[in-house]
Amino acid sequence: MSLIGRIRAPWMRLGAVMLAAGAVTGCGALLSAAPAAASSNQWAMFEVPNLQFEDTANQVQILRSLGASVIRVEVDWNAIAPNPDSRRRPARFNAADPNAYPANKWAPLDNLVAQAQSRGIALDFLVTGGAPLWATATGAPPCGKVGGFPVCFKNTFMPSASEYGQFVNAVATRYRSVHFWELWNESNWGPSLTPQYYGSSLPTSAKLYRGLLDNGWKALQQTGHSRDTIVVTSLSQDGSASVGQTGTTAPLTFVRTLYCVNSSFRKLGGRLASQMGCPTTKRGQNGFRGAHPGLFKSSGVGYHPYPYSKPPTQLDFPNPNGVEFAETPQLISTLDRTQRAYGSRRAMAAYNTEFAYQNGYVTPTNGARYINQAEFLSYKNRRVASYDQYELKDATGFFQTGLISASGQLKPSFFAYRMPVWLPFTATRRGRTLEVWGAARPAPFARQQTGKTQFAYIQLNRGGGFRTVKSVKVTNGRGYFDVAVRFPGSGQVRIAWQYPSNASSLAAPRFASPGQFIYSRTTNISIR
């Protein structure tokens, strides 16, 4: 995806950043909620860039062995449309008909759908740009660099909302078995939707996206997907980058403008409203909610709360309009206030659809700890509907967010993702309990395969090896559990789980074998 647009610190700073990355000692109250309010069914989402083009069956099998419940898939309009590099729209082309597209363009997605669904893994189809050139406006800014990488903007410049709606119609018609959708990616980021600002004090991109959403939403309703999970905006998290045609709009500024409200959550009026495509009359404002159902009836708003060098409870670039992970409460509050501005009490969910720690900004060990802490905090917040891992394997040269290094070595985050564990407090008095949260992520697949109850084992090492302190029946559909444990003394805590010996469908060469025990990270505890 577009992580390059959000890597703020120059590479020359990485040594200092690594030294600054401290140890995690607790979770704080950032996203805490009562256990009854926990998001215990949040999606365990996984994104593998271009998975549909690279050894699909093997990669999907690895994700199944890891226990991922949904794969996020980028469906690029420009990659599937005919004549994408021409200004001339194909003659007599019915863009809403999937059969009007070249069959070979659909083939990789067809294969991915077959591979994932045969293994019981859901798919999130992110239907996004760039657009074919014939569906964009002329006058795009010149090519430039983002994060040191060359980027051109002609395929993201003022894409046609009606043409996009027809493309969504074609995708949704072909893939009726897909029930999770995102409409456009990082609509507040210049290389994804251009221009961001265009002769106005508020982001033009919000006006552009509102049109894309309206048409994409309508297409999903018309093709039988009205009951599906539909996620909108998928925000880049940066709240403090420079603005302009190709920069990044602060995400919460973008959300407010999308809903035609100002920073005080009052409806825009006058010239600003006109510029942003918002209603300029009382009657129009009263009809805004009905005119844009995707803004009020979608499942929730997507966001990409990438951190940098700090644990998920802390901020690298604090901003009142940002949505780094620790700013999730800001996003939720903004969603609630925009809804209330139009008389809606709907509590929209926040979908984390792209997330990871970049090795180099944090050590591999701290990165593994931080992703467990982040998932625990998400679990504790009933408004967060998904937790995402971006990349399976590091990209050579730049991206280092995968669970596997570019050379093929399993990183600490591999084991942390497969079997997450977090103890919000690691010290207590003898006789009292400590909370142990975790997940045997592959266990639900094992239960489906074998029909047998699965157990996770909370183990303690006091110096003579690990021994099971508590067995936990795994009944949650995502493999989660959250229990209080009375430990007999200080030591190292871990979670263990065993792949069933007859669950060959979970096997993945090098990664998982029938009968194999797997373990979480270890956490030191002190019992006084």
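Condition test on Arg369, is it surrounded by fewer than 21 Cβ atoms within 10 Å (Cβ to Cβ) and charged (D, E, K, R)? Judged against the criteria, Arg369 is not a match. Tell me, please, whether a residue that is in a helix (DSSP H, G or I), closer than 17 Å to Ser69 by Cα and of a type in the set (A, V, I, L, M, F, W, C) can be found in segment 403-414. Yes, because at least one residue in segment 403-414 is in a helix (DSSP H, G or I), closer than 17 Å to Ser69 by Cα and of a type in the set (A, V, I, L, M, F, W, C). Number of residues in segment 39-61 that are of a type in the set (A, V, I, L, M, F, W, C) and part of a strand (DSSP E or B) equals 4. With respect to the conditions (1) under 22 Å from Arg210 (Cβ atoms); (2) buried (at least 23 other Cβ atoms within 10 Å of the Cβ); (3) in contact with a helix residue (DSSP H, G or I) (Cβ under 6 Å, 6 or more places away or on another chain), Lys267 falls short on a single one, namely (2).
Residues checked against (1) more than 25 Å from Leu434 (Cβ to Cβ); (2) within 32 Å of the chain's Cα centre (by Cα); (3) at pLDDT below 95; (4) among the hydrophobic types (A, V, I, L, M, F, W, C):
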residue: Phe466; (1), (2), (3), (4): no, no, no, yes
residue: Lys473; (1), (2), (3), (4): no, yes, no, no
residue: Ala484; (1), (2), (3), (4): no, yes, no, yes
residue: Ser504; (1), (2), (3), (4): yes, yes, yes, no
residue: Gln516; (1), (2), (3), (4): yes, yes, no, no
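Looking at Ala349, Ala356, just one residue is closer than 28 Å to Val48 by Cα, open to solvent by 10 Å² or more (accessible area, probe 1.4 Å), modelled with pLDDT of 95 or more and not hydroxyl-bearing (Ser, Thr, Tyr), and that residue is Ala349. Looking at Asp85, Asp76, just one residue is under 23 Å from the mean Cα position of the chain (by Cα), more than 30 Å from Ser505 (Cβ to Cβ), open to solvent by 20 Å² or more (accessible area, probe 1.4 Å) and in contact (Cβ under 8 Å) with a residue 24 or more places away in the chain, and that residue is Asp76.
Filtering segment 281-298 to residues that are part of a loop (DSSP other than H, G, I, E, B) and surrounded by fewer than 17 Cβ atoms within 10 Å (Cβ to Cβ) leaves Thr281, Gly287.
Residues of segment 315-327 include at least one that is touching a residue at least 40 places away in the same chain (Cβ under 8 Å), open to solvent by 10 Å² or more (accessible area, probe 1.4 Å) and part of a helix (DSSP H, G or I).
Of the residues contained in segment 500-516, none is found to be buried (at least 16 other Cβ atoms within 10 Å of the Cβ), closer than 18 Å to Phe425 by Cα and aliphatic (A, V, I, L, M). Checked against (1) part of a strand (DSSP E or B); (2) within 25 Å of Arg72 (Cβ to Cβ); (3) among the hydrophobic types (A, V, I, L, M, F, W, C); (4) open to solvent by 40 Å² or more (accessible area, probe 1.4 Å), Trp437 passes all but a single condition, namely (4).
Of the residues in segment 171-185, at least one is open to solvent by less than 40 Å² (accessible area, probe 1.4 Å), closer than 20 Å to Val243 by Cβ, at pLDDT 95 or above and part of a loop (DSSP other than H, G, I, E, B). Whenever a residue of segment 173-195 is over 24 Å from Gly322 (Cα atoms), its partners that are among the charged types (D, E, K, R) and open to solvent by less than 10 Å² (accessible area, probe 1.4 Å), lying with C-beta atoms within less than 6 angstrom and at least six residues away or across chains, give the pairs Phe180/Asp124.
From the list Gly277, Gly294, the lone residue that is touching a Gly at 6+ places or on another chain (Cβ under 9 Å) and at positive phi is Gly277.
Kindly evaluate Arg289 against the criterion of being touching a helix residue (DSSP H, G or I) at 6+ places or on another chain (Cβ under 7 Å) and farther than 17 Å from Asn188 by Cα. Judged against the criteria, Arg289 is a match.
Can we say Val168 is in contact with a Lys or Arg (Cβ under 9 Å, 6 or more places away or on another chain), crowded, with 20+ Cβ neighbours inside 10 Å and either of a type outside the set (Phe, Trp, Tyr) or at pLDDT below 95 (or both)? Spelling it out, Val168 is indeed in contact with a Lys or Arg (Cβ under 9 Å, 6 or more places away or on another chain), crowded, with 20+ Cβ neighbours inside 10 Å and either of a type outside the set (Phe, Trp, Tyr) or at pLDDT below 95 (or both).
Note on segment 232-249: among residues that are of a type in the set (A, V, I, L, M) and surrounded by fewer than 24 Cβ atoms within 10 Å (Cβ to Cβ), the one that is nearest to Ala122 (Cα to Cα) is Ala241.
Met419 satisfies every condition listed in (1) surrounded by 12 or more Cβ atoms within 10 Å (Cβ to Cβ); (2) farther than 30 Å from Val60 by Cα except (2). Got at least one residue in segment 490-498 being open to solvent by less than 30 Å² (accessible area, probe 1.4 Å) and either in a loop (DSSP other than H, G, I, E, B) or more than 14 Å from Val436 (Cβ to Cβ) (or both)? No, segment 490-498 has no match at all. Applying a threshold of 7 Å to beta carbon distances and a minimum spacing of six or more residues, or different chains, the list of pairs starting in segment 210-230 at a residue that is over 22 Å from Ala131 (Cα atoms) and ending at one that is open to solvent by less than 10 Å² (accessible area, probe 1.4 Å) and among the small types (Gly, Ala, Ser) reads His225/Ala172. Filter segment 421-445 down to the residues that are aliphatic (A, V, I, L, M), in contact (Cβ under 8 Å) with a residue 60 or more places away in the chain and more than 18 Å from Ser69 (Cβ to Cβ) and list them by number. Those that are aliphatic (A, V, I, L, M), in contact (Cβ under 8 Å) with a residue 60 or more places away in the chain and more than 18 Å from Ser69 (Cβ to Cβ): Val421, Leu423, Ala427, Leu434.
Could you list, in sequence order, all residues of segment 226-260 that are assigned to a loop (DSSP other than H, G, I, E, B) and in contact with a strand residue (DSSP E or B) (Cβ under 7 Å, 6 or more places away or on another chain)? Residues satisfying the conditions are Asp228, Gln237, Asp238, Ala241, Gln245, Thr246, Cys260.
The values are calculated or read from the model by the stated rules, or taken from the named source; none is laboratory data. The model shown is predicted, which means the values in this text are computed figures rather than measured ones. When we count neighbours, we look across all protein chains shown, and the Cβ atoms used for this are built from the backbone with ideal geometry, even at glycine. The accessibility values were calculated without ligands, DNA or RNA, using every heavy atom of the protein model including side chains. Shrake-Rupley method; radii C 1.70, N 1.55, O 1.52, S 1.80 Å.
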